[in-house]
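First comes the structure, then the notes that go with it.
The values are calculated or read from the model by the stated rules, or taken from the named source; none is laboratory data. Small disclaimer: the values here were computed from a predicted structure and weren't measured. In this analysis, Cβ positions are derived from the backbone assuming ideal geometry, glycine residues included, and neighbour counts consider all displayed protein chains.
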Amino acid sequence: MQKIITWNVNSVNVRLERLLGVLARHAPDILCLQELKCVDEGFPHAEVAAAGYQAAVFGQKAYNGVAILSRQPPVEMLRGFADAVDDPAARLLTAWFPGLTVMSAYVPNGQATGTDKYYYKLNWLARLCRYLRRHHSPQDALLLLGDFNVAPADLDVHDPAQWRDKILCSDRERAAFQEVLSFGLVDAFRRLDEAKEGYTWWDYRAGGWSRNHGLRIDLALATVSVADKLMRCYVDLGELEGEKPSDHAPLIVEIS
């Protein structure tokens with residue numbers, strides 16, 4: 001069995017002890033992180049190495065940043081889309097391992113529908129589609145994990161009427177997400193349970209966690225060959241307890 005986790009850590013250095021706790025508690029083979037909020041040199045490489053992992057990092061000062069932690073080193077890695085677009089945001093990292101390709105993605109939030117940041121988000125998702133078709137195949141053993149900043153359907157939202165047409169839930173964002181799936185990807189959580197609640201993000205500013213007013217925006221997307229080996233896909237709600245939690249919970253995937 002392989003265990004792969006994705007988690008928006010919301011500042012890896014602020015939550016270093018929590019990160020080490022996740023590694024110790026779950027002992028994953030691979031852990032994808034988003035929103036590092038540090039440059040490559042500022043990542044806690046020594047502490048992660050002491051825990052038995054090496055880190056492939058694509059960092060950015062104060063914002064964004066993605067990483068893939070693994071027990072075994074990847075054969076190859078690629079930062080970004082390699083599409084010659086002038087975009088400094090560190091939001092996508094791909095690592096090739098023997099028998100499995102893993103991608104850690106931090107999709108832009110978009111701020112509000114109709115804004116420049118919203119259209120940047122839609123364009124970013126379109127670039128992701130082009131990247132998948134250019135560099136990968138639906139026949140690959142591939143897992144695309146991360147914070148997608150899109151709740152795929154009303155089932156993934158605590159109050160669909162309240163969120164209707166708002167950022168994270170707008171029709172255009174959901175359509176752009178469906179285009180990503182059309183490459184040949186399966187939503188792992190929904191593959192195993194079509195009706196289960198499984199929120200991964202809560203707005204603490206509005207008391208979202210205490211009232212369970214959440215959204216499912218952290219996702220694991222698998223090609224069919226990986227989806228056929230899915231054993232479990234679940235949210236670690238315990239990570240929301242205690243001191244200095246992220247506003248996201250880890251999503252854990254287990255494959256045979």
Scanning the range 219-256 residue by residue, those part of a strand (DSSP E or B), touching a Pro at 6+ places or on another chain (Cβ under 8 Å) and under 17 Å from R25 (Cα atoms) turn out to be V235, I252
The one condition A206 fails out of (1) in contact with a His (Cβ under 8 Å, 6 or more places away or on another chain); (2) at pLDDT 95 or above; (3) of a type in the set (G, A, S) is (2)
Among helices (runs of 4 or more DSSP H) entirely inside the range 81-193, those with 1 or more residues being acidic (D, E), more than 16 Å from the chain's Cα centre (by Cα) and closer than 20 Å to S225 by Cα are 171-181
Within the range 231-245, of all residues that are closer than 22 Å to L168 by Cβ and either among the small types (G, A, S) or in contact (Cβ under 8 Å) with a residue 24 or more places away in the chain (or both), the one surrounded by the most Cβ atoms within 10 Å (Cβ to Cβ) is C233
Residues in the range 1-23 that are modelled with pLDDT under 95 and surrounded by 20 or more Cβ atoms within 10 Å (Cβ to Cβ) total 0
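Return yes when D228 is under 18 Å from V107 (Cβ atoms), surrounded by fewer than 16 Cβ atoms within 10 Å (Cβ to Cβ) and of a type outside the set (V, I, T) and no when it is not. Steps first, answer last, please.
On the way: under 18 Å from V107 (Cβ atoms): no; surrounded by fewer than 16 Cβ atoms within 10 Å (Cβ to Cβ): yes; of a type outside the set (V, I, T): yes.
No, not satisfied.
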Over the range 120-154, the set of residues exposed (fewer than 15 other Cβ atoms within 10 Å of the Cβ) and either on the phi > 0 side of the Ramachandran plot or acidic (D, E) (or both) is D154
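Checking the structure you have, find out if any residue of the range 210-218 is among the β-branched types (V, I, T), assigned to a strand (DSSP E or B), modelled with pLDDT of 95 or more and over 23 Å from L78 (Cβ atoms).
Step one: filter the range 210-218 for residues among the β-branched types (V, I, T), giving 217.
From what's left, assigned to a strand (DSSP E or B): none.
Within the range 210-218, none of the residues are among the β-branched types (V, I, T), assigned to a strand (DSSP E or B), modelled with pLDDT of 95 or more and over 23 Å from L78 (Cβ atoms).
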Given the conditions (1) in contact (Cβ under 8 Å) with a residue 24 or more places away in the chain; (2) in contact with a Gly (Cβ under 6 Å, 6 or more places away or on another chain), every one holds for D40 apart from (1)
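To keep it simple, each residue is scored yes or no on (1) more than 21 Å from A105 (Cβ to Cβ); (2) charged (D, E, K, R).
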position	(1), (2)
W163	yes, no
A195	yes, no
Y204	yes, no
N212	yes, no
L215	no, no
D218	no, yes
C233	no, no
P245	yes, no
Restricted to the range 24-39 and to residues being in a loop (DSSP other than H, G, I, E, B) and among the charged types (D, E, K, R), the residue surrounded by the most Cβ atoms within 10 Å (Cβ to Cβ) is E35
Looking across the range 199-225 at residues that are in contact with a strand residue (DSSP E or B) (Cβ under 8 Å, 6 or more places away or on another chain) and surrounded by fewer than 19 Cβ atoms within 10 Å (Cβ to Cβ), the single one that is nearest to N123 (Cα to Cα) is V224
Taking the range 51-92 and the residues there that are exposed (fewer than 15 other Cβ atoms within 10 Å of the Cβ) and of a type in the set (V, I, T), the one that is farthest from K3 (Cα to Cα) would be V85
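Looking only at the range 40-50, which residues are hydrophobic (A, V, I, L, M, F, W, C) and either farther than 16 Å from P73 by Cα or crowded, with 20+ Cβ neighbours inside 10 Å (or both)? Can you show your working first?
Residues of the range 40-50 that are hydrophobic (A, V, I, L, M, F, W, C), as a first pass: 43, 46, 48-50.
Answer for the range 40-50, where residues must be hydrophobic (A, V, I, L, M, F, W, C) and either farther than 16 Å from P73 by Cα or crowded, with 20+ Cβ neighbours inside 10 Å (or both): F43, V48.
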Expected output for the range 45-57 (first residue in a strand (DSSP E or B), partner of a type in the set (D, E) and at pLDDT 95 or above, Cβ below 8 Å, 6+ apart or cross-chain) is V57/D40
